[in-house]
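A.B. asks: I have a structure here, written as structure tokens, and I will follow up with some questions on it.
The values are calculated or read from the model by the stated rules, or taken from the named source; none is laboratory data. Here the structure is a predicted model, which means the values were calculated and not measured. Here Cβ is always computed from backbone atoms with ideal geometry, including for glycine, and neighbour counts include all displayed protein chains. Surface areas here come from the heavy atoms of the whole protein model, side chains and all, with no ligands, DNA or RNA. Shrake-Rupley method; radii C 1.70, N 1.55, O 1.52, S 1.80 Å.
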Amino acid sequence: MTTTPAADSVTTAAALALGDDALVLSHRLGEWAGHAPVLEEEVALANIALDLLGQARVLLSMAGDEDELAFLREERAFRNLQLVEQPNGDFAHTIARQLYFSVYQHLLHDRLAAGDGPFAPLAGKAVKEAAYHRDHAEQWTLRLGDGTDESHARMQRAVDALWRFTGEMFQPVEGIDGIDWPGLERTWREAVEDVLVRATLTVPDGPRSGAWRAGAGRQGLHTEPFGRMLAEMQHLHRSHPGATW
Amino acid sequence: MTTTPAADSVTTAAALALGDDALVLSHRLGEWAGHAPVLEEEVALANIALDLLGQARVLLSMAGDEDELAFLREERAFRNLQLVEQPNGDFAHTIARQLYFSVYQHLLHDRLAAGDGPFAPLAGKAVKEAAYHRDHAEQWTLRLGDGTDESHARMQRAVDALWRFTGEMFQPVEGIDGIDWPGLERTWREAVEDVLVRATLTVPDGPRSGAWRAGAGRQGLHTEPFGRMLAEMQHLHRSHPGATW
Amino acid sequence: DAFQRAFDAAVAAEERIEPRDWMPDAYRATLVRQIAQHAHSEIIGMQPEANWITRAPSLRRKAILMAKVQDEAGHGLYLYSAAETLGVSRDELLDKLHAGRQKYSSIFNYPTLTWADVGAIGWLVDGAAITNQVPLCRCSYGPYARAMVRICKEESFHQRQGYELLLALSQGTPEQHAMAQDAVDRWWWPSLMMFGPPDDASQHSAQSMAWKIKRHSNDELRQRFVDICVPQAESLGLTLPDPDLKWNEERGHHDFGAIDWSEFWDVLRGNGPCNDQRLSRRRTAHEEGAWVREAAAAHAAKHSNDTTGATRA
Amino acid sequence: DAFQRAFDAAVAAEERIEPRDWMPDAYRATLVRQIAQHAHSEIIGMQPEANWITRAPSLRRKAILMAKVQDEAGHGLYLYSAAETLGVSRDELLDKLHAGRQKYSSIFNYPTLTWADVGAIGWLVDGAAITNQVPLCRCSYGPYARAMVRICKEESFHQRQGYELLLALSQGTPEQHAMAQDAVDRWWWPSLMMFGPPDDASQHSAQSMAWKIKRHSNDELRQRFVDICVPQAESLGLTLPDPDLKWNEERGHHDFGAIDWSEFWDVLRGNGPCNDQRLSRRRTAHEEGAWVREAAAAHAAKHSNDTTGATRA
């Protein structure tokens, strides 16, 4: 059975987009549990994952039943950015993903919190969390970029590999009004470039989005690893239709 | 929803045990598709996987509806050996798993084919397939064991790591009559030791089964990676209850 | 000179050029490039379908899909062998693939997002491949032509299986029908691009046609494919995502909408949804398999004079 | 001597021994061994539960489970810090764990096979841990005692969450109820083994009790745990898998069946269902994280004199 939320409201669409970002990234971070590179990072990554999961629950609940939306939707109905669904890779990839996303999320929620739209209450809390996530990612980018030769090479590979998923973040999200998206993108780019330069890394120069005219995550078009992630995430819930937990 | 086959017949139980072995090992081998170490092995591993899948379909159909049994049973209702569910690991691990299982399966089906029990018809075909699988595993054990230093070390680690899953194979399977299990085990051990010695490998000397009195695969007790394997295998089928494909 | 004349005469007479025959360097190079690209497409093409082997929704479909992916590995083997008759080894060609110096079909840079994509690949991608390849069974180079005969036979089997998979979905639950339609919507345009750029932009076509490697122009084959697909889509109960698609009585063909060639060139340049993933997965598999290949070689060398060792795989 | 007398007097007076106080070498060694084992148990203990984070069946349960596993990492941090006050670094202790020269609780060598196992671990394993650990809050060594206060508070929260998870299953569908019962059947006996061997076979107990590291015997604590669990199992609507379990009016305790100590020793020796998996996963995580730790150290060294670099994690 597939449940699709009533798409009567643009707010619902926006809540799904933002909620799916948080849900999916939280899930990926949760995959680190038990094998982070250092014990402090078990705590830190779990903190971030928990913040995001909390945001996801609020946002999905704005769009419908949180568990139905998380566990009974098919891949093509998820609206998250392709960036957040990318596999963890090594720690550098996880940090690069965190850097790109948390700067975006911090800037976006900062603007949403300042407005009076339906997401302002959530954003007021989320902006503080995102500030911590951003700081965490920036500190690690500096450490890895400006650490050893190996960590520098790994961090450079990571920021290069994920660069092509960063353009999608600045496509306007239906249902989110009053955001100057090009301005957001400029600010994001300045902030990210500043960190990369301080980390002695080269700012990637490849394309920031794919050539596929059909679209990307916000249109429900995802990357192949996402399907397997969903299979693991949804299997138990789907195995017991109608059960409560 | 969970479907458990009518357990009224011991033949059903035995068909599940043998069928699940074939189903699960076939699935694991199928995971190699697209990244085998050499193109000839894409073909060979797929051949073996297809033989096993064919056996699984015959056996599960003896116990009920093949798809319900494969896709709607929970982990605890699967009766396969823990050996066959072990993750592929590197190619040496896959070959060690093949060696241990295919020698067992070859010997068992040889005996079943010679009898007049319900599995004799299947076994008559399967014994020929298992002979090929066994030859494939033996040849690769020789190549890797008596190849380079690296391959020797990897092959030794693999045969050591999987040794503890080999004792379970010789627990009598309910519903399979007329097998001299201790005799089967002796023959298996001689055959495997012969290959290992010719491959310049040391015969492992650790325990051949775990300490857990609760049992192992034939009792529905599996290892942690199996649950995730099932999640991937069953997710799509479970996402569309009642659909036909 | 005499060699060139003999070669030209053989080609003109529709005779087969065989490995030991003299052939122009450019002919050889063209064949190597084309056969290598074809072989690479078979092995890269395993990835999008292998993505669903572990999730196939019935055991019957799983067996069909495994066998299909296995056939593709087999096609890769025939084709690398055909290329070897021209004096290039499989290892050389794989190195070039991994270094990004040889191409594979761009179609495999699109992802398989749902189970229906397996059907759409069978129906449309294999269908387009067959349309391209059937004429290659009459290619002037013997080993390639013979490999194509065998491959086309299997491909047309795959194409029917893909069609049948989509039919089951189209006639299934509303969710399954929607899944099938969605897959066709996504794969239709990339399939049309498989025939290559329009004739006026096609680099190698004229010479290849003169050499009877190629028999029909890109646009000709593309039109043939469209004409085949339209009635099949109708039987499937699915629509093709092109509002301009309609029968042209005068031409005796279907007219169809403009292809977005900028996407084609972009994907070809490396910016498709899966280029990085496909190539990096291939490279990783090759690198992770290096110790296995080295072991097999070392073992064979040690035991080249005895009969007790393992024989070559 | 005077140091020894002061130490003995402090212990006798229920005062806390602090890091700078003199203490007997054997006391220090015993504490290091015990605290290290406890810390290792926290971090190895993350694995069986983390096994279900990605499959948790509701977002609420997923958040609870993530937070719990995070708490265990936190407990590991407190405990390694407590061990550091005795002069051994976390790295040394981890090396000993990875080399198999220090133990962790054998309970984590059992697998989590279903979602209900997450509940059974919370209810039974955390319950047994609390029963063991509450007396440690009064341990004679100050830093350990203080760490235990904080840990016990969180553990009892986890224990209630586990109970509540099982209750929801027990009162859920028949499949859910069966899942809960199955988990309790598998975890009950291993939980009883968590209190260690029977008193007459316990190596270190007498000295530890004299030092007031340990306050109760293994069998005493085991009995306490059984007495607590029996009524809780009844409220859960689940049975404990022991036909000999019954109230003994005379003793004022529950009698229970014989524990299979051969399994306990076998698992302790390394032959449990998950020993290899747990240790090898831990080692792999540590090895794969080496470059990250090295980078952090290199960065800190480079930037020890400036304020622009990243601060230590």
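A.B. asks: What nm distances, shortest first, do you get from the label point of C:GLU220 to those in the other copies when the point sits 7 angstrom along Cα to Cβ?
C.D. replies: Nearest first, the other copies' label points are 9.7 nm away.
A.B. asks: For chain C, just say rounded, prolate or oblate: build the C-alpha gyration tensor, square-root its eigenvalues into a ≥ b ≥ c, call rounded for a/c under 1.5, and beyond that prolate if a/b exceeds b/c, oblate if not.
C.D. replies: On the way: a/c = 1.95, a/b = 1.19, b/c = 1.63.
Judged from the Cα gyration tensor, chain C comes out oblate (a/c at least 1.5, b/c at or above a/b).
A.B. asks: Calculate for chain D the 222 nm mean residue ellipticity that helices alone would give, adding -39,500 (n - 2.57) per DSSP H run of length 4 or more and normalising by residue count, nearest 500 deg cm²/dmol. Provide the component values of the computation, followed by the final result.
C.D. replies: Values: 14 runs with 192 residues, N = 313.
When only DSSP H runs of four or more count, the value is -19500 deg cm²/dmol.
A.B. asks: Follow-up question, since we're still on this one. Assuming R0 = 45 Å, what is the FRET efficiency of B:ALA131 and C:GLU15, from their Cβ-Cβ distance, to the nearest 0.05? Please list the in-between numbers first.
C.D. replies: Values: r = 45 Å, r/R0 = 1.00.
Calculated value: 0.50.
A.B. asks: In terms of the ratio Rg/(2.2 N^0.38 Å) built on C-alpha atoms, what value belongs to the protein assembly as shown? Let's see the in-between values first.
C.D. replies: Working: Rg = 31.8 Å, N = 1116, 2.2 N^0.38 = 31.7 Å.
Its radius of gyration relative to the 2.2 N^0.38 Å reference: 1.00.
A.B. asks: Using a 10 angstrom cutoff on alpha carbons, build the Gaussian network for chain A and name the most mobile of A:ASP116, A:ASP51, A:ASP135.
C.D. replies: Among A:ASP116, A:ASP51, A:ASP135, the largest GNM mean-square fluctuation belongs to A:ASP116.
A.B. asks: Can I ask one more? FRET efficiency for D:ARG33 and A:ASN88, Cβ-Cβ distance as r, R0 = 35 Å, nearest 0.05? Kindly include the intermediate steps, with their values, before the conclusion.
C.D. replies: Details: r = 35 Å, r/R0 = 1.00.
Efficiency at R0 = 35 Å is approximately 0.50.
A.B. asks: Would you mind computing, in nm to one decimal, how far apart the modelled labels at C:GLU164 and D:SER304 are, each placed 7 Å from Cα along Cα→Cβ?
C.D. replies: 7.2
A.B. asks: Quick one: 3J(HN,Hα) in Hz for segment A:158-168, Karplus 6.51/-1.76/1.60 with θ = phi - 60°, rounded, Gly and Pro as x.
C.D. replies: Karplus-based 3J(HN,Hα) across segment A:158-168 equals 5, 5, 5, 5, 8, 4, 5, 9, 8, x, 4 Hz.
A.B. asks: Right, something else. Ignore the peptide's own chain and count Cβ atoms of other chains within 10 Å of each Cβ in B:76-84; give me the average, rounded.
C.D. replies: Whole-number average of other-chain Cβ neighbours for B:76-84 is 1.
A.B. asks: With the full set of protein chains in place, find how many percent of the accessible area of segment A:9-239 is carbon and sulfur; take the probe as 1.4 Å. Numbers along the way, then the final one.
C.D. replies: Working: 3670 of 7140 Å².
Using a 1.4 Å probe with all protein chains present, segment A:9-239 comes out at 51 percent carbon and sulfur.
A.B. asks: Taking only complete DSSP H runs, can you tell me which helices of chain C stretch 27 Å or more along their own long axis by Cα positions and average at least 1.6 on the Kyte-Doolittle scale? All intermediate terms of the calculation are to be shown ahead of the outcome.
C.D. replies: Working: long enough: C:25-44 (28 Å, -0.17); C:59-84 (37 Å, -0.13); C:142-170 (41 Å, -0.28); C:174-193 (30 Å, -0.74).
What comes out of the filter, once short or polar helices are dropped, is none.
A.B. asks: Still on this structure: Per-residue Cβ counts within 10 Å, from other chains only, averaged over D:278-286: what number is that? Can you show the working numbers first?
C.D. replies: Details: counts 2, 0, 1, 3, 2, 0, 1, 7, 3.
Across D:278-286, the average partner-chain Cβ count within 10 Å equals 2.
A.B. asks: Mind checking the angle between helix B:39-63 and chain B's longest principal axis? C-alpha axes, 0 to 90 degrees, to the nearest 10.
C.D. replies: 40
A.B. asks: Okay, next question. Using only the Cα atoms of segment D:200-302, build the gyration tensor, take square roots of its eigenvalues as a ≥ b ≥ c, and label the shape rounded, prolate or oblate: rounded if a/c is under 1.5, else prolate if a/b is larger than b/c, else oblate. If you can, show how the numbers build up before the last one.
C.D. replies: Working: a/c = 2.52, a/b = 2.04, b/c = 1.23.
It comes out prolate by the Cα gyration axes.
A.B. asks: Taking only Cα atoms, what is the 0 to 90° angle, nearest 10, from helix B:91-114's long axis to the longest principal axis of chain B?
C.D. replies: That helix lies at roughly 60 degrees to the long axis.
A.B. asks: Now for a different question. Shape of segment B:164-227 from its Cα gyration tensor (a ≥ b ≥ c, root eigenvalues): rounded if a/c is under 1.5, otherwise prolate when a/b > b/c, or oblate? List each step's numbers first, then the result.
C.D. replies: Numbers: a/c = 2.47, a/b = 1.30, b/c = 1.90.
Judged from the Cα gyration tensor, segment B:164-227 comes out oblate (a/c at least 1.5, b/c at or above a/b).
A.B. asks: Run through the other copies and list how far each one's label point is from that of D:ALA99, in nm with one decimal, shortest first; the point sits 7 Å from Cα along Cα-Cβ.
C.D. replies: Ordered by distance, the counterparts are at 4.6 nm.
A.B. asks: Evaluate peptide A:40-50: per residue, the Cβ atoms of other protein chains within 10 Å of its Cβ; return the mean as an integer. Each step should come with its number before you reach the end.
C.D. replies: On the way: counts 6, 6, 11, 8, 3, 3, 12, 3, 0, 6, 5.
Going residue by residue through A:40-50 and averaging, the value is 6.
A.B. asks: Using only Cα atoms, find the angle between the long axis of helix B:224-239 and the longest principal axis of chain B, and express it within 0 to 90 degrees, rounded to the nearest 10.
C.D. replies: Between helix and principal axis, roughly 40 degrees.
A.B. asks: While we're on this one: Where a Cα-Cα gap under 12 Å defines reach, which aspartates and glutamates qualify for A:LYS125, not counting those fewer than 8 residues away within the same chain?
C.D. replies: Within the straight-line cut-off, A:LYS125 pairs with A:ASP51, A:ASP110.
A.B. asks: Given R₀ = 45 Å, what would the calculated FRET efficiency be for D:ARG251 paired with D:TRP22, taking r from the Cβ atoms and rounding to 0.05?
C.D. replies: Details: r = 43 Å, r/R0 = 0.95.
Approximately 0.55, to the nearest 0.05.
A.B. asks: Still on this structure, I have one more. Please compute the modelled spin-label separation between B:ALA114 and C:PHE157, points set 7 Å along Cα→Cβ, answer in nm with one decimal.
C.D. replies: Label-label distance for C:PHE157 and B:ALA114, simple model: 3.6 nm.
A.B. asks: Still on this structure, please answer the following. Need one number: the % of Cα-Cα pairs in segment B:9-239 sitting beyond the 21 Å mark. Please report the intermediate quantities before stating the final value.
C.D. replies: Numbers: 14179 of 26565 pairs.
In whole percent, the share of Cα-Cα pairs in segment B:9-239 beyond 21 Å is 53.
A.B. asks: Shifting gears a bit: Return, ordered by residue number, the residues of segment C:132-161 whose backbone nitrogen is under 12 Å from a label point located 7 Å along Cα→Cβ of C:GLU220.
C.D. replies: Only C:135-136 fall inside the zone, counting backbone N under 12 Å.
A.B. asks: Give, in nm to one decimal, the length gained when the segment between D:THR284 and D:ASP1 is fully stretched (0.36 nm per residue of separation minus the Cα-Cα distance). List each step's numbers first, then the result.
C.D. replies: Numbers: separation 283, 0.36 × 283 = 101.88 nm, distance 4.75 nm.
Full extension from D:THR284 to D:ASP1 adds 97.1 nm.
A.B. asks: A further question on this structure: For a quick check: with amide H placed at 1.01 Å from N, whose amide H comes under 5 Å from D:ILE17's, ignoring anything fewer than 5 positions away on the same chain?
C.D. replies: Under 5 Å from the amide H of D:ILE17 lie the amide H atoms of D:TYR141, D:GLY142, each far enough along the sequence or on another chain.
A.B. asks: Between C:GLU234 and B:ALA153, how many nm apart are label points set 7 Å from Cα along the C-beta direction?
C.D. replies: Result for the modelled spin labels: 6.7 nm.
A.B. asks: C:ALA258 to C:GLU84: extension gain in nm, 0.36 nm per residue of separation minus the Cα-Cα distance?
C.D. replies: That pair, C:ALA258 and C:GLU84, stretches by 58.7 nm at full extension.
A.B. asks: What are the distances, in nm and sorted shortest first, from the label point of B:ARG157 to the label points of the same position in each other copy, with each label point placed 7 Å from Cα along the Cα-to-Cβ direction?
C.D. replies: Relative to the other copies, B:ARG157 has label-point distances of 1.9 nm.
A.B. asks: So how do C:62-75, D:224-237 stack up, highest first, on mean other-Cβ count within 10 Å? Spell out each step's value before the answer.
C.D. replies: Details: C:62-75: 22.3, D:224-237: 16.7.
In descending order of packing, they fall as C:62-75, D:224-237.
A.B. asks: Where does chain A land at 222 nm, in deg cm²/dmol rounded to the nearest 500, when only DSSP H runs of n ≥ 4 count, each adding -39500 (n - 2.57), divided by all residues?
C.D. replies: Details: 9 runs with 155 residues, N = 245.
The per-residue figure over chain A is -21500 deg cm²/dmol.
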